[in-house]
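Structure, as structure tokens:
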Amino acid sequence: QVVVAVAIVLLIRNRHQSSSPVWSESTGGDRNALLREGELLQKRLDDWRRRASAARIEVDALDAMASLRPGAQRSGAGGSSSSSSSIAELSPTCNPNGHPVTTVAPLEMKYMMRSADVVEAEQPEFAKLLAAHSNEHREIMLALANAVMICQNTTICWWNGGNILESFLEILERSNISNHLIGVTDDETARYLEDRAARRGPGSFAVHWFRPSVRIPASQAKTREANRVSSLKFSLLQTSLQLGYHTMITDMDLVYLSNPFDALHRDADIESSSDGFDEMAYGSMSSVHDPTMGWGGGGLFMQTFTVNVGCAYIRATHRAFALVKRAADELAQQPGWDQQVFNEHLLTQSHGSYAAPYATLRVMDIDKFVNSKRFFRSKRAAYLPGARSTAPTPVMVHFNYHPDKHARMLCIMDRYFRGKVDACDKFPGGSDPGTR
């Protein structure tokens with residue numbers, strides 16, 4: 001019932017925000033005006049139903065849910081019902097089959113997704129690119145690139161050199177990830193991609209890239225290059241979600257060994273890789289003991305690693321959008337690391353005046369979406385040496401724990417793409433030689 005009410009609120013709000021309203025008190029009884037109003041409302045409702053279906057909401061069942069709301073009986077000779085009053089007096093429960101089901105707190109309107117046609121009118125070129133390059137499930141992989149990723153000037157890249165962008169493009173081709181878009185933030189990278197396409201000629205694997213029209217927030221101007229680029233990622237993500245596209249945001253310092261969309265569960269608002277390298281990635285119970293307290297000195301707590309937004313699948317739902325917008329708003333107001341800000345809003349529980357966005361989370365399997373600490377350190381015996389490996393082939397390996405990113409990317413590509421099973425054996429577990 002909450003979903004139904006939200007839909008009605010959006011229809012009413014969008015009608016009043018229209019630059020050319022088709023109804024007013026003076027024309028309330030005008031048949032043609034009412035028909036035009038009905039056409040507009042139907043268009044809004046059709047758009048909402050499309051986005052709801054994309055979010056796997058059972059649209060056909062919503063009318064039945066609405067009928068279960070207390071006081072939702074049809075008006076007759078004995079009284080009338082008011083849509084606006086029922087919205088204002090929404091209960092936090094619905095009662096299917098006579099049993100109450102508690103719903104989460106409603107989102108603030110500023111965190112609700114706007115109508116897709118309004119967003120499309122603001123970003124028509126980006127909308128066309130998403131429509132052209134997403135897969136049949138309206139899913140897109142979104143990455144950002146600049147000259148640092150090319151690393152032709154080794155003074156601006158800190159991973160001991162190496163063209164990460166070129167390797168990432170090879171990875172897209174080998175793993176057949178055609179539903180991708182790369183936002184290019186500078187002229188040097190744009191020229192590189194143009195020259196590369198010209199050299200490879202027609203018929204080669206198509207790289208889909210564009211120049212984003214949104215700007216990096218001024219608050220991030222003096223932060224690290226990675227922070228500036230990541231803040232732009234959240235601006236683009238807001239648009240793709242509102243247009244109804246489930247978006248996998250990705251860094252480039254990783255190797256997809258197969259198409260990651262084939263390994264998704266799609267049962268949560270956020271499905272993300274983890275910085276965790278053991279079971280704490282999923283959450284684990286721990287305890288404290290204060291002997292000075294005597295009998296009451298014990299206590300339990302949950303601990304978990306942060307998720308890594310360098311490989312995260314974000315579904316086009318209101319809850320996911322609310323989370324992304326909160327993070328984007330904070331990054332637009334003050335300097336910050338996008339991953340830290342995102343995790344704070346995702347994992348912090350409601351308390352006091354703070355209401356969490358209630359986005360649901362699935363942590364990706366850490367042996368399928370593997371970070372470099374798990375591969376090279378915590379589970380090294382399962383992966384290395386390659387000739388005696390017992391671990392299954394990962395879907396992805398992310399080099400977030402090591403500074404020699406490109407060298408390790410190449411070893412993974414050599415091992416799994418080109419069959420050089422010992423290609424990674426020489427690399428230490430940590431960043432220093434000899435560490436295991």
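Each residue, Glu170 and Glu279, gets one label point 7 Å from its Cα in the Cβ direction; the gap between the two is 3.9 nm.
Across region 198-212, computed HN-Hα scalar couplings (Karplus, 6.51 cos²θ - 1.76 cosθ + 1.60, θ = phi - 60°) run 5, 5, 6, x, x, x, 7, 4, 7, 9, 9, 9, 7, 9, x Hz from first to last residue, x flagging Gly and Pro. Applying a threshold of 21 Å to the alpha-carbon distances of Lys368/Lys405; Lys43/Lys233; Lys110/Lys325; Lys233/Lys325; Lys405/Lys426; Lys233/Lys373 flags Lys43/Lys233; Lys233/Lys373 as lying beyond it. Between amide H atoms placed 1.01 Å from N, distances below 5 Å from Asn371 occur with His398, all of them 5 or more places distant or on a separate chain. With θ taken as phi - 60° and the Karplus curve 6.51 cos²θ - 1.76 cosθ + 1.60 applied, the whole-hertz 3J(HN,Hα) list for region 394-399 is x, 7, 8, 10, 10, 9 Hz, x standing for glycine and proline. Amide H to amide H, with H built 1.01 Å from N, Leu257 comes under 5 Å of Met396, Val397, counting only residues 5 or more places away or on other chains.
Only protein heavy atoms count here; on that basis, with a 1.4 Å probe, Val397 has an accessible area of about 0 Å².
Counting only protein heavy atoms and using a 1.4 Å probe, the accessible area of Ser353 comes to about 130 Å².
Ordered by packing density, taken as the mean number of other Cβ atoms within 10 Å over each peptide's residues, highest first, how do 262-268, 380-386 rank? Don't skip to the answer; put the middle values down first.
Details: 262-268: 13.7, 380-386: 16.7.
Sorting 262-268, 380-386 by mean packing, highest first, produces 380-386, 262-268.
For Lys233, Lys420, give me the order by solvent-accessible area with a 1.4 Å probe, most accessible first, ignoring ligands, DNA and RNA.
Lys420, Lys233
Only protein heavy atoms count here; on that basis, with a 1.4 Å probe, Glu279 has an accessible area of about 120 Å².
Rounded to the nearest 20, the size of the Cβ-charge dipole of region 325-406 about its Cα centre is 500 debye, with Lys and Arg at +1 and Asp and Glu at -1.
With a Cα-only, solvent-free Debye model of region 374-431, what are the log10 I(q)/I(0) values at q = 0.12, 0.13 Å⁻¹? The Debye formula, applied to the Cα set alone, gives -0.23, -0.27. For region 111-126, putting each phi into the Karplus relation 6.51 cos²θ - 1.76 cosθ + 1.60 with θ = phi - 60° gives couplings of 9, 8, 5, 7, 4, 4, 5, 5, 5, 4, 5, 7, 10, x, 5, 5 Hz, in residue order, rounded to whole numbers and with x for Gly and Pro.
The values are calculated or read from the model by the stated rules, or taken from the named source; none is laboratory data. These numbers were taken from a predicted model, which means no experiment stands behind them. So basically every Cβ, Gly included, is an ideal-geometry build from the backbone, and we count neighbours across all protein chains shown. Areas reflect the complete protein model, heavy atoms only, side chains present, ligands, DNA and RNA absent. Shrake-Rupley method; radii C 1.70, N 1.55, O 1.52, S 1.80 Å.
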